[in-house]
1. May I ask you to rank 31, 139 by accessible area, largest first, using a 1.4 Å probe over the protein chains only?
2. Ranking request for peptides 70-79, 55-64, 83-92: highest mean number of other beta-carbon atoms within 10 Å first, then the rest in descending order.
3. With all protein chains present, calculate the accessible area of residue 13 using a 1.4 Å probe and round the result to the nearest 10 Å².
4. Net charge around residue 54, counting only other residues with Cβ within less than 15 Å of its Cβ (Lys, Arg = +1; Asp, Glu = -1)?
Amino acid sequence: MKNKKSLSKKNIYIGIVLAIYSMILLFIIVDSAVGTINHEGVNFFRFFTNQSNILCLIWFIFIVISCFWNNNKFKSFATNRIVMTSVTTYISITFFVVLFWLLPFWKGEWLGVGLGGAMVFTHFLTPIVTWILYFLLIDSSKSYNWKWMFLVLTYVLFWVVCEEIEQACGLKATYPFVDYKSYLHSFGNVGGICLFLGIAIALFVVFYFFSFGINKLKNVIQKKLL
């Protein structure tokens, strides 16, 4: 009988809006995947942007279902702090790397043509929607466990390792700044490897603390409102 509890208006509004956005995002991902796979095979799934958007979409779907289904176990996963922080960190990497690194310095090589609708959704709108959800759903009254950083870091490290293995096997780098050969060429073997790993770790820490900052911001706002 627990599932018979009345749904709050907040959950209903969030569920409806997020369901609409999720359907649009799903269409964009599928359309982009089909177009890319036809020309480049499975390269579509190598890009961190695409992976982070797929993870966001899965999380969105869990949230939509939890908004209309009062199941404690299902909802606890959708609003799990580690899950929420991880997804927010990954999509934040997509947003800020594109906005402050790829567009200013590698626009011609990486982007080619102008920003299309799909690019706007996957690189800018999805991060913004994720930040709003994180802000609305995170329980800022609970303490922040710094050990989570290492759990969140696991996926980023896994992606970087896979990317470098793929390059070693002859595949082209998905992004110019993860092309380890350019670092080795410019700074030597040891220096290039250290610089590459240093940049990767520094970027992760910055975006992890960005998610932490959203949590703290909500805490401050809630205290002022109360």
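1. 31, 139
2. Ranking, from highest mean packing down: 83-92, 55-64, 70-79.
3. My reading of the accessible area for residue 13 is about 140 Å².
4. For residues surrounding residue 54, the net value is 0.
The values are calculated or read from the model by the stated rules, or taken from the named source; none is laboratory data. Computed from a predicted model, the values in this text were never measured in an experiment. Glycine gets a Cβ as well: all are built from the backbone with ideal geometry, and neighbour counts include every protein chain shown. For accessibility, only protein heavy atoms count, side chains too; no ligands or nucleic acids. Shrake-Rupley method; radii C 1.70, N 1.55, O 1.52, S 1.80 Å.
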